[in-house]
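**Student:** Input: one structure, supplied below.
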Amino acid sequence: AVLVESLLVFTMVLLVHAVVWDRFSWCAVALAIQAFYVQFKWDRLLQLGGAVFQFRGAANSGLLPASMVMPLLGVVMKERCRAAGIVYFERFGIVVASTGMLLALFLSVLAVGITKPVPTNTCILTGIAGSVIIYTMKHSLTVSEVIEVLEVLLIFVYLSMILLYLLPRCFTPGEALLVLGGVSFVLNQLIKRSLNVIEGRGDPIDFFLLVAVVGVVLLGLFFTVLFIFMDSGTWISSMFFHMMTAVLGLGVIMPWLYRLIQRNPLFWLLQFLFQTQTRLYLLVYWTFLAASACGVVFYQNTKRSSESKKHQASTVTRKYFHFIVVATYVPGLIYDRQLLYVAAVLCLAVFIFLEYVRYFRIKPFGQTLRHLLSLFLDERDSGPLILTHIYLLLGMSLPVWLFPRSCAPKGTLPGAGALVPYSGVLAVGVGDTIASVFGSTMGEIKWPGTKKTFEGTMTAIFAQIIAVALILIFDSSVNLNSSYAWILASVSLVSLLEAYTTQIDNLLLPLYLQIMLMA
């Protein structure tokens, strides 16, 4: 299974660089080869319990697929912005690619360093890949960009040491690279933009995303340290939690956002949300869907109390939420992507805040949330946090957030790139959902080395092709320009990756589909 997963990732790397071949292509290929070898060292460390931190069990390290996401994303972003003539974002794409390569290389060096005896061949490969990457960065980055990349690396090192210690068994090494690398990059961007505020420059919704992500992470770190010294389950601690959340929100996060957007954040948000009648209709519709999702949770818990033998929700039941999310995102993508962008940020902040309430058992809802959500746990929620619903939201939202709007004339990219914002809907909302439902109910032929079925994968590919046809019918901004073969290849490779990967597919699949479609 690991070999097939690696082969699929190699295929996507080569396909991307067959379209976009430049000096970074050699770096990406070298990084992929050394990550393939180092991945087995990480797997061995996980099996022997010598990986310093406690990582998620029942999964391989996932180093290769995770290592290639940021570099490939940066390369395709650079190419799209170069074609559009936007130099600032072309340089930004180079910084993203260089940062991703350096973070992946650091994780590889860490694995090689703690493996005993020292693996000579892997050390040589890592040294060669590192030399190629550093040489290319030396001739591609300015001094300020090199400093920016090193700042992200420094933040990543410290953030990894803190969060992997505080949250054992929540991540594999690959998932830690993706999640913590992304948070480190966002934090560095926020610091950089806060120090260089120019009035009128930058989109407020981008600043809103940066501040929201950093704000909820800092909030979690603050309360984690605080509740080491006091019991979080008492009424006094709960009152203190709510009071300090309000103080940090109104006293730190709001002024920070005010400095960046140069206007009152609450007034700006209210004005933004209710700007048009279409937005009002979408908000009412989304409120109804949110209530429906809560209804599913309560109904399933009622069934559990009456059928005491059944302790966990079935795969089909969990996929109800995927259908609800698809019904949420598709109208937003068709009618108002900016509103969907902001609504997804708000939803992420609410999800993470509710997870804090559940994790710390904050009264009055902490224990109730623990009871309600325990029904929907699967083998990937082996740590103290329940992250699968947050990963689902991230998988659907990242293609919307990472879409290079400034490099897209008329708000859309040409060819297959027009489907980039739909990557989450296609890969997770349609593909993963259909594969799970049909595979678990009608699948008989299993892919070698996995529990996934041939029927599930083929049905997922077919369903995504139908979804693309429906998008063409209902979204007039999408014009594929006869790039159907590339779309079919992209959807097929990502669906096969879903069958073979043991990583969080909600997070990984949309990113790879986005990369393929942007290329």
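**Student:** What is the calculated FRET efficiency for ASP22 to HIS242, with r their C-beta to C-beta distance and R₀ = 51 Å, to the nearest 0.05?
**Tutor:** Computed FRET efficiency for ASP22 and HIS242 comes out at 0.50.
**Student:** May I ask you to give the percent of accessible area on the chain that is carbon plus sulfur, with a probe radius of 1.4 Å?
**Tutor:** For the chain, the apolar C and S fraction of the accessible surface comes to 70 percent.
**Student:** Over the chain, with the other protein chains present, what is the accessible area per residue in square angstrom, probe 1.4 angstrom? Don't skip to the answer; put the middle values down first.
**Tutor:** Numbers: 22940 Å² over 519 residues.
Result: 44 Å² of accessible area for each residue.
**Student:** Still on this model: Out of residues 5 or more away from LYS446 or on other chains, whose amide H comes under 5 Å of its own, with H placed 1.01 Å from N in the peptide plane?
**Tutor:** Distant-sequence amide H within range of LYS446: PHE454.
**Student:** Name the long-range amide H neighbours of ARG56: under 5 Å, sequence gap of 5 or more, or other chain; modelled H, no Pro or chain starts.
**Tutor:** Excluding prolines and chain starts, which carry no amide H, the hits are ARG169, CYS170, PHE171, THR172.
**Student:** Quickly rank 321-333, 447-459, 247-259 as a protection proxy: mean count of other C-beta atoms within 10 Å, highest first.
**Tutor:** 321-333, 447-459, 247-259
**Student:** Could you tell me which of rounded, prolate or oblate describes the range 232-387, using a ≥ b ≥ c as the square roots of the eigenvalues of the alpha-carbon gyration tensor, with rounded for a/c under 1.5 and, failing that, prolate when a/b is larger than b/c and oblate otherwise?
**Tutor:** Numbers: a/c = 2.51, a/b = 1.25, b/c = 2.00.
Oblate.
**Student:** For the pair LEU150 and LEU3, what calculated FRET efficiency results from E = 1/(1 + (r/R0)^6), where r is the Cβ-Cβ distance and R0 = 51 Å, to the nearest 0.05?
**Tutor:** Plugging the Cβ-Cβ distance into 1/(1 + (r/R0)^6) gives 0.90.
**Student:** Can you return the aspartates and glutamates within cross-link range of LYS446? Criterion is Cα-Cα under 15 Å, with same-chain partners fewer than 8 residues away left out.
**Tutor:** Of all the aspartates and glutamates, those that pass the test against LYS446 - Cα under 15 Å, at least 8 places apart if same chain - are GLU455, GLU498.
**Student:** Still on this structure, please answer the following. Let me understand the chain better: what is its radius of gyration from the alpha carbons, and its Dmax, in angstrom?
**Tutor:** 22.4, 67
**Student:** Same structure again: For the range 368-519, just say rounded, prolate or oblate: build the C-alpha gyration tensor, square-root its eigenvalues into a ≥ b ≥ c, call rounded for a/c under 1.5, and beyond that prolate if a/b exceeds b/c, oblate if not.
**Tutor:** oblate
**Student:** Still on this structure, please answer the following. What FRET efficiency comes out for the pair ASN479/ILE114, r = Cβ-Cβ distance, R0 = 45 Å, nearest 0.05?
**Tutor:** For R0 = 45 Å, the calculated efficiency reads 0.30.
**Student:** Mind giving me the nanometre distance, one decimal, between the label points for THR317 and THR368, set 7 Å out from Cα along Cα→Cβ?
**Tutor:** Inter-label distance under the simple model: 2.0 nm.
**Student:** Largest first, what is the accessible-area ranking of CYS81, CYS123, CYS294 with a 1.4 Å probe?
**Tutor:** Solvent-accessible surface, decreasing: CYS294, CYS123, CYS81.
**Student:** Now for a separate question. Compute the convex hull volume of the Cα atoms of the range 99-159, divide it by the residue count, and report the result per residue in Å³ as a whole number.
**Tutor:** 67
**Student:** How would you classify the range 134-264 from its alpha-carbon gyration tensor, with a ≥ b ≥ c the square roots of the eigenvalues: rounded for a/c under 1.5, else prolate if a/b is greater than b/c, otherwise oblate?
**Tutor:** Numbers: a/c = 3.00, a/b = 1.29, b/c = 2.33.
Oblate.
**Student:** Right, next: Show me the ranking of peptides 474-481, 58-65, 411-418 by mean Cβ neighbours inside 10 Å, starting with the highest. Walk me through the intermediate numbers first.
**Tutor:** Numbers: 474-481: 14.0, 58-65: 24.5, 411-418: 19.1.
Ranking, from highest mean packing down: 58-65, 411-418, 474-481.
The values are calculated or read from the model by the stated rules, or taken from the named source; none is laboratory data. Small disclaimer: the values here were computed from a predicted structure and weren't measured. Backbone-built Cβ (ideal geometry, glycine too); neighbour counts: all protein chains shown. Areas reflect the complete protein model, heavy atoms only, side chains present, ligands, DNA and RNA absent. Shrake-Rupley method; radii C 1.70, N 1.55, O 1.52, S 1.80 Å.
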